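Working notes, structure below.
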Amino acid sequence: MNTTQELLAAGQSVWYDNIQRSLLKNGEMAGMIARGEIYGVTSNPSIFMHAITKSPDYDASLLPLVGSKLSDEEIFFKLAIADIQAAADLFQPLYQAGRGSDGYVSLEVSPYLANDTEATILQAEKLWKTVNRPNLMIKIPATKAGIPAIVKAIAAGINVNVTLIFSRQRYAAVMDAYLKGLEQRVSAGLPLDSIASVASFFVSRVDSNIDPRLQKIVDGGQAKAQKASDLLGKAAIANARLAYEDFKQVFSSKRFQQLKAKGARLQRPLWASTSTKNPAYRDVMYVEELIGPDTVNTIPPQTLTAFLEHGKVRASLEENLEGARSVFTGLESLGISMKEVTDQLEVEGVKSFSDSFAVLLEAIQKRLHEAG
């Protein structure tokens with residue numbers, strides 16, 4: 001049994017945070033599925049940007065599109081949808097065997113729509129219909145404009161991977177949006193048992209934002225330096241552990257139990273951004289410290305390789321919750337506002353994906369021009 005199979009036995013599914021056409025064509029992804037290393041796939045604009053701009057995998061598909069009247073964005077989605085469909089087909093047996101518990105492949109709406117509710121809904125519906133796979137998840141960001149789009153997508157029967165969640169407050173709104181969408185389906189007399197959703201709670205980026213603030217206090221050498229030093233590398237895991245506590249509370253509530261009786265599934269927390277950015281930290285820290293039932297961890301290639309080699313599995317997610325709470329008391333006493341941090345991270349997250357998308361579309365235009 002490999003370590004990701006051990007995770008599955010502990011209630012956590014590993015989804016691969018990577019997609020590229022060569023992985024689909026050379027049998028590598030099929031092999032990972034067969035070996036029980038991955039149980040789903042997630043993608044985002046940054047992943048596709050690297051896949052399309054840094055490999056020749058897509059050149060043959062681009063050639064027939066030279067001179068077409070499609071926009072660069074339409075061409076991108078044409079390329080991406082082909083990959084997503086191929087990946088979804090690879091995962092179809094797993095999806096069917098688990099009756100929809102795993103085997104999902106995620107495709108994100110354009111990051112340019114992050115603050116446009118109606119356009120997000122329209123694109124989510126279009127992508128869902130075009131990909132036409134039951135094990136697809138449409139990724140919708142947890143921005144203020146994204147929340148009502150999530151409600152409508154769930155109500156319309158679309159599987160949703162809610163992305164870019166950084167704060168517990170926004171996570172509460174995400175869970176509420178999922179339940180509202182299900183409730184609207186009930187009111188319309190529609191079934192619930194085919195709807196799946198995950199809530200992608202971002203992890204390492206929290207430490208990447210807070211640690212430099214703490215280090216500045218440490219470097220100042222004042223009375224609070226030791227407290228700041230003690231909190232380095234602690235905020236991200238504490239944030240996720242308390243979010244899991246929120247998840248358990250919402251999904252044990254009477255409100256959800258009434259929906260569950262009609263066939264509703266849990267909206268599982270998905271730990272995203274789980275590669276370790278700080279080389280001083282253990283390279284699998286954000287996997288090992290967040291293991292618990294009814295969760296997903298979407299792991300990028302380098303981190304997955306490391307976890308398969310030397311990862312340790314233990315039921316860690318609910319360890320030392322009082323300690324997790326004290327982390328935020330400590331940060332507050334040092335003048336570090338979690339609201340300020342998470343608001344900034346959301347803005348940066350949307351910008352990062354938008355920037356990647358811009359680079360991607362520019363590269364597509366350049367390739368088409370060179371081929372023409």
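One table, with the values for the structure above:
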{"quantity": "Cβ-based exposure ranking for His50, His310, His369, in which fewest neighbours within 10 Å come first", "calculated": "His369, His310, His50"}
{"quantity": "Tilt relative to the chain, helix 321-333 - C-alpha long axis, 0 to 90 degrees, to 10", "calculated": "80"}
{"quantity": "Sparsely packed trypsin sites (Lys or Arg not before Pro) within segment 1-49, loop by DSSP, other Cβ within 10 Å at most 12", "calculated": "Arg35"}
{"quantity": "Furthest towards positive pole of dipole, Gln96, Thr120, Ile140, structure part segment 96-152, Cβ charges", "calculated": "Gln96"}
{"quantity": "Trypsin sites (Lys or Arg not before Pro) restricted to segment 279-345 and DSSP loop, no more than 12 other C-beta within 10 Å", "calculated": "Arg314"}
{"quantity": "Label selected from (1) -0.22, -0.91; (2) -0.25, -1.02; (3) -0.19, -0.83, the criterion being log10 I(q)/I(0) by the Debye sum over Cα atoms at q = 0.06, 0.12 Å⁻¹ as computed here", "calculated": "(1)"}
{"quantity": "Cα gyration tensor shape for segment 98-202, rounded if a/c is under 1.5, else prolate or oblate", "calculated": "rounded"}
{"quantity": "Qualifying trypsin sites (Lys or Arg not before Pro) in segment 90-132, DSSP loop, other Cβ atoms within 10 Å at most 12", "calculated": "Arg99"}
{"quantity": "Full-stretch length increase - Ser208, Gln92 - with 0.36 nm per residue and alpha-carbon distance subtracted", "calculated": "38.1 nm"}
{"quantity": "Residue-averaged 222 nm ellipticity for the chain, from DSSP H runs of 4+ at -39500 (n - 2.57), nearest 500", "calculated": "-18000 deg cm²/dmol"}
{"quantity": "Options Gly40, Ala177, Asn18, ranked by Cα towards positive dipole end of the chain, top entry (Cβ charges)", "calculated": "Ala177"}
{"quantity": "Cβ-based exposure ranking for Leu360, Leu304, Leu94, in which fewest neighbours within 10 Å come first", "calculated": "Leu94, Leu360, Leu304"}
{"quantity": "Dipole magnitude of segment 237-372 about its Cα centre (Cβ charges: Lys, Arg +1; Asp, Glu -1), debye to nearest 20", "calculated": "680"}
{"quantity": "Segment 1-128, dipole about Cα centre (Lys/Arg Cβ +1, Asp/Glu Cβ -1), debye to the nearest 20", "calculated": "300"}
{"quantity": "Principal-axis tilt of helix 168-187 within the chain, Cα atoms, nearest 10 degrees", "calculated": "50"}
{"quantity": "Principal-axis tilt of helix 338-371 within the chain, Cα atoms, nearest 10 degrees", "calculated": "30"}
{"quantity": "Ratio of the Cα radius of gyration of segment 1-57 to 2.2 N^0.38 Å, where N counts its residues", "calculated": "1.26"}
{"quantity": "Rounded to the nearest 20 debye, dipole of the chain from Cβ charges on Lys, Arg, Asp, Glu", "calculated": "780"}
{"quantity": "Proximal lysines to Lys262, defined as alpha-carbon separation beneath 18 angstrom and excluding residues fewer than eight positions away on the same chain", "calculated": "Lys180, Lys254"}
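Bear in mind that the values in this text are calculations on the coordinates, not laboratory data. Note that this is a predicted model, so its numbers are computed, not measured. Cβ: placed from backbone, ideal geometry, glycine included. Neighbour counts: every protein chain shown.
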